[in-house]
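Just so it is clear, none of the values below were taken in a lab; they were calculated from the coordinates. The structure displayed is predicted, hence computed values, not measured ones. Don't worry about glycine lacking a Cβ; one is built from the backbone with ideal geometry, like all the others, and counts go over all protein chains shown.
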Amino acid sequence: MVAVVAGPAVAGLGEQAGIADKWAVVVLFALSREPCRHGELVDLIGGVSRKVLTQTLRRLRGYGLVDRHAEAGKVEYVLTDLGRTLVKPIAVLTEWAHEHGAAVAGFQESKKD
């Protein structure tokens, strides 16, 4: 008997969880430390446009991973309880990227020839 490791259901898990796009994991990681305002996230993340950040935050809110708190004209974004369940897996991926990022970049560079 052959075990199926991946298939349509598994491939769609990232999308269903709301973390399949380029910026979602970065935004979730940024919010894992503390609530942030929109402009603070733009500065903290770097390289993301305000429009894309707004779209990402809306999508993450739609999946129940991020909440938006507005008080006295001040809007902050914060991880929900469900969003906080992703902090450890994201931290593991981040650690892996720090440990192996140079090797991945070296491999990609070697394939350009």
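By per-residue mean of other Cβ atoms within 10 Å, what is the highest-first order of 71-77, 39-45?
Going from most to least packed, we get 39-45, 71-77.
Among 92-105, 56-69, how do they line up from the highest to the lowest mean number of other beta-carbon atoms within 10 Å?
Descending packing order for the listed peptides: 56-69, 92-105.
Please label the shape of the stretch 37-113 as rounded, prolate or oblate, based on the square roots a ≥ b ≥ c of the eigenvalues of the alpha-carbon gyration tensor (a/c under 1.5 means rounded; beyond that, a/b larger than b/c means prolate, else oblate).
Taking the square roots of the gyration eigenvalues as a ≥ b ≥ c, the stretch 37-113 is prolate.
Once fully extended, how much extra length lies between Val52 and Asp21, figured as 0.36 nm per residue of separation less the alpha-carbon to alpha-carbon distance?
Result: 10.1 nm gained on full extension.
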